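Taking it in order: structure first as structure tokens, then the write-up.
Each reported figure results from applying straightforward, stated rules to the coordinates on display, with no laboratory input. Note that this is a predicted model, so its numbers are computed, not measured. Note that we place each Cβ from the backbone using ideal geometry, even for glycine, and neighbour counts take in every protein chain shown.
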Amino acid sequence: MIKPYMWNTWDVNYLNAVSYLPDGLEVRFGLHDEVSGSELHQFLWDNIHRIGEHATNGSYCYAELKWDEDIVGMEYASEGDFLVCRITPRRISRRLNLIVDLFYTLGNKGKINRLKGTALKAKDFMLFSPNVVMESTKGEKDALTFALLDEPIYICCFRDDGKKAIRTKEDMKDFISRQRCLYNGMKVSGNGPLAGYADAIIPAVAWNTIWEPINKEICTVFSKELCARSWGGYAIAKWDTFFIALLSAIEDEELAYCNINAAANEITERGLFPDHATLLGKSEDRSQPPVEAYTILKLYKTFQRKELLERYFPKLLRAHKWWMKYRDGNGDGLLEWGSDPIKGPFGYHDIKAAKDESGMDNSPMYDDVKFNKDTNTMELIDVGLNSLYALNAWALSVIAEKIGKKKEAVRLKD
């Protein structure tokens, strides 16, 4: 798994922030309108003009923030515990100031001190800027405030351990350029019909990767926006997370396994991987399509990590057995989608919940299907579900063979 000693956009509530783990130190950017006095400190997708490159390891990232008609470029580069940010005015129609805050977040606590000049101090970290700083705006904590004019504003945050740090604009500019070049040299790219696919997939994965507050691990959620606004700050869906693991693997093997682990951690006492797991609760009444064994087998074929097959096989087998026990409502040996009478935070034991188990949510293909509350299943044998179940059984049998469980392998093939 990823060892979280790095800067990245971990905070689910702020796309305009960069956080360092495990300390939980966060550099957050806000905007202040000098005329109206209004401020904007939380930027979610409505306030993103466009996203650019984003290395999953946090070494380089670019995005453009917007507030009404104004657009500001946010760029950062990092190496270990060293961070440089560059804020560049792209289109400014009013007198705006940049507010740079330093916080402890993600469950961590600590004191922030404003030093003389252009620096903030947090335990053994220092935040510094070579740009001219204005008087701090009002707020809970001291902040650095800069007039957004024509030139970029540079911010540097580093561990104050007595070593020489980068302090000039030119040095910071060179550091960002170097990290961007290094990332462009190693990132995955496509050609032919797949040209541009990786450039779309990897930033989408990276921007939605967070520090997960329940098990205190890194994972990729299906949407930071939905998590921040509707799901208590954390939400993963079962097959989304397994598919995201495959997408992560395009560039970052360790992030792929972090996502597998996040899904595996949510398995219930009855043995199902829940449709969704959030800070508000999880859907113990239903699962989502059985793709987990096939996903892990594909990762194994790419990276040859046998120990991961051994780690996850017991949970994969439990989840596989759950389907035939709870989703063969008419006893004919074939499966139906369903929902059990177990109360959850987002509906349960009705046709809508059974539709959700299919992973296609409100698909009209199930509009005329009846839900049988006695069997807890739809009155429909779904070809797609049974095909995926068979595929998952085959993948699980291959995994069993790889780890020396030959009897299980034979039973799964049969």
- Message: Nearest 500 deg cm²/dmol is fine: what mean residue ellipticity at 222 nm does the chain get from its DSSP H runs of n ≥ 4 alone, each adding -39,500 (n - 2.57), divided by its residue count?
- Response: -9500 deg cm²/dmol
- Note on the structure: Stokes-Einstein D for the chain (25 °C, 0.890 mPa s, Kirkwood Rh from Cα pairs), in µm²/s, comes to 105
- Note on the structure: The simple spin-label model distance between Glu34 and Lys306, using points 7 Å out along Cα→Cβ, in nm, is 6.7
- Just the Cα atoms of segment 208-413: what Rg and Dmax do they give in Å? 16.7, 48
- Percent of all alpha-carbon pairs of segment 6-186 at distances over 22 Å, whole number, is 40
- For the chain, what are the DSSP H helices with axial Cα length of 24 Å or more and mean Kyte-Doolittle hydropathy of at least -0.5? 383-402
